[in-house]
Amino acid sequence: MAAAVGLRPASGGGCSKGVEKVKKRKRLGRGVAVVGAGMSAFGMFPEKNSKDLFVEAFQEMTASVDKGFDPRDIEALYLGNFTNDFFVHQAHWGPIIADLIGLVPKPATRTEGACASSALAFREGVFAIASGFYDVVLVGGLEEMSKRTTEAVAEGLALATVPYEGQAGFTFPGVFGAVATAYFDKYGASRDHLMDITIKSHRNAPLNPKAQFKATIRDIMDAKVEKARQKGTALPPWEDEKAFLRDPRANPVVAWPMHLYDCCPISDGASCMLLVAEDIAARFTDEPVVVAGLGQGSGRGLHACSDLTYFEATRQAAREAYDVAGLGPEDIQFAEVHDCFSIAELLHIEDLGFFKPGRGFHAVAEGATRLNGIKPINTSGGLKCKGHPVGATGVSQLYEVWTQLRYTAGKRQIPIGDLHTGGAHNLGGTGGTCTFTILERK
Amino acid sequence: MQERPFSDVSFEKYLDEDKLMGSRCRQCGVLYVPPRPICTRCHATDMTWEKVAVEGRLRAFTCIAVGPPFMTAQGFNRDNPYCTGVVELAEGTRLDARIEGVDAKNPAAITVGQPLRARFVHHADAPRKTTLVFQPC
């Protein structure tokens, strides 16, 4: 026999064509529910370290479990952290945090995927439960960035670019600036379209008590006008928010076309979630939020992409998550996406399938992604305004989705009556690691 | 003469000799610049070196006002930004590279698609001894 039973004989050269691939739909071995979530305030906190921030997140998570829980039931910790080694000269955060909250000698594992580090922790926690090995797992992330100079933080974050990018003088804002020029060239968008994203994020953030920047662009303009009035200097001539954002004195260039208000800030923060097997979720809550789908992808550097107007890793993550969930982009009612830079939000809402490639900026201009739009994006204020303590961000995005699904988002609650499905997209490096996770209220 | 390994070190040594070299997969024909030891399309490891012309077109760029320490050491800052970008070579592969001969203070005048040609710049003290710097041609 030339071919094994059940295998199709080779139809011609090339190893990949020899055997028909069996496409297996990916499934969790058993259901996983989120029954508690917490995050510290995000911002710059000179008087707090990573442990203090994690305690804040852990205490809020503990209080959020509807029927309460015993911390001794936690069987393992998965913790995302990117660059504390560099920022605060301390590595090996898994056992430090496990000891802090009384988990020792239970296992603690640190995950690193640049700015997607805690989405990877979440994913490992989900798999640990889905495999049947554990029933109750804590996942989270932390990052302590503000104690270094801006230059040192930029240098630390740039550890996650690909080598050729760094050597050519690219910074993170520079990489996304280059992506923006490619997008502008292909689709005819402009800086004005990115301003719609910035203005929207700044409208959502004041409604989020944990956000780093709780001011709208209009608030910031009014404060500057008031300051000029008090000092008796010439009043700024801005007629609207975009005029303010176009003014290079108010909004200086960082890496053209990325300006100050296109970029997320330097932040400290922590986040965590309690995951349990779905079949025991009723012990913790009568309203479990379950992991409907999750996906992860990887990508290459700028020079190895033939088209810079999308992230291959995000598309892969989305395909995988939709496949697991049996859902499509039209089923995701709202999402948190990784808006480290304004242009990034635009690419993500297209890569996740919410809008067609090259149409995202029109949808944003029409208000589709606002809190009251058809597809609210970054109701938390996003990385831009909520803050981006990189290792904590992934789980903090899921915290926002969980909070919205439980109708506990207060003033930023999405104003529709049947919220049941939301997504969170996290990106690491220059698109090297991307995840998409879909949560569903049962 | 023994063939150099298809590595970053070999790539940089060739740059020191004023040559831009890539690896071409003998199985499926794809060209990689910088070189790769494994073809990411067909997974073959049967590569051959190929010299690549140092001309192409600008595909994406940025003008950086706040650069990394090695760029600020060269005098670049908010008042003196620099341009860097992604250049598509004639063979279709792309490189990240510094772009000179353009006005980084006036990025609106820099256009995606414009033709560029590179020269080899040798440094005494930089992350890499030789870099390709592109400029309009």
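Derivation of every value follows stated rules applied to the coordinates shown; laboratory data play no part. Computed from a predicted model, the values in this text were never measured in an experiment. A quick note on method: Cβ atoms are made from the backbone with ideal geometry, for glycine too, and the neighbour counts reach across all protein chains shown.
Numbers below:
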{"read-out": "Candidates A:K375, A:K186, A:K384: whichever shows maximal mean-square fluctuation once chain A is modelled as a Gaussian network with Cα springs under 10 Å", "value": "A:K186"}
{"read-out": "When each of A:K51/A:K375; A:K356/A:K384; A:K186/A:K411 is checked by Cα-Cα distance, pairs over 28 Å", "value": "A:K51/A:K375; A:K186/A:K411"}
{"read-out": "Rg/Rg_ref, the range B:55-136, where Rg_ref = 2.2 N^0.38 Å and atoms are Cα", "value": "1.07"}
{"read-out": "Net dipole in debye of the range A:38-137 [+1 Lys, Arg Cβ; -1 Asp, Glu Cβ; about Cα centre; nearest 20]", "value": "120 debye"}
{"read-out": "Share, in percent, of DSSP beta bridges within the protein assembly as shown that are antiparallel, nearest 5", "value": "80 percent"}
{"read-out": "Cα-centre dipole for chain B with unit charges at Cβ (Lys and Arg positive, Asp and Glu negative), debye to 20", "value": "220 debye"}
{"read-out": "The protein assembly as shown, dipole about Cα centre (Lys/Arg Cβ +1, Asp/Glu Cβ -1), debye to the nearest 20", "value": "820 debye"}
{"read-out": "Modelled FRET efficiency - R0 35 Å, A:E75 with B:R41, Cβ distances, 0.05 increments", "value": "0.20"}
{"read-out": "Cα shape, the protein assembly as shown, gyration tensor, a/c 1.5 rule", "value": "oblate"}
{"read-out": "Per-pair calculated FRET efficiency, R0 = 56 Å: A:L100 and B:S7 via Cβ, rounded to 0.05", "value": "0.80"}
{"read-out": "Distance from the range A:63-122 to the range A:296-367 (C-alpha centre basis), Å", "value": "28 Å"}
{"read-out": "Positive-end extreme of charge dipole, the range A:88-244 - chosen from A:M195, A:P173, A:W93 (charges on Cβ)", "value": "A:M195"}
{"read-out": "Estimated FRET transfer efficiency (A:Q59, A:D279; beta-carbon r; R0 30 Å; 0.05)", "value": "0.65"}
{"read-out": "Whole-number D in µm² s⁻¹ for the range A:261-317, Kirkwood Cα-pair radius fed into Stokes-Einstein, 4 °C, 1.567 mPa s", "value": "82 µm²/s"}
{"read-out": "Residue (of A:V136, A:T62, A:P236) at the positive-pole extreme of the protein assembly as shown, dipole from beta-carbon charges", "value": "A:P236"}
{"read-out": "Computed label-point distance, nm, for sites B:D79 and A:K231 using a 7 Å Cα→Cβ extension", "value": "1.9 nm"}
{"read-out": "The range A:241-378: projected area of the alpha-carbon convex hull, averaged over directions, in nm²", "value": "11.4 nm²"}
{"read-out": "Residue-averaged [θ]222 nm for chain B, counting only DSSP H segments that reach four residues, each worth -39500 (n - 2.57)", "value": "-2500 deg cm²/dmol"}
{"read-out": "Dipole of the range B:1-110, positive end: most advanced residue of B:T45, B:A65, B:F11 [Cβ charges, Cα centre]", "value": "B:T45"}
{"read-out": "Hull volume in cubic angstrom per residue (convex hull over the Cα atoms of the range A:121-172)", "value": "97 Å³"}
{"read-out": "For a label point 7 Å along the Cα-to-beta-carbon line of B:T48, residues of the range B:67-104 with backbone N under 18 Å", "value": "B:91"}
{"read-out": "Kirkwood-type radius of the range B:8-51, with distances r between different C-alpha atoms, in Å", "value": "10.3 Å"}
{"read-out": "D_trans [Stokes-Einstein, Kirkwood Rh over alpha-carbon pairs] for the range B:1-92, 20 °C, 1.002 mPa s, µm² s⁻¹", "value": "141 µm²/s"}
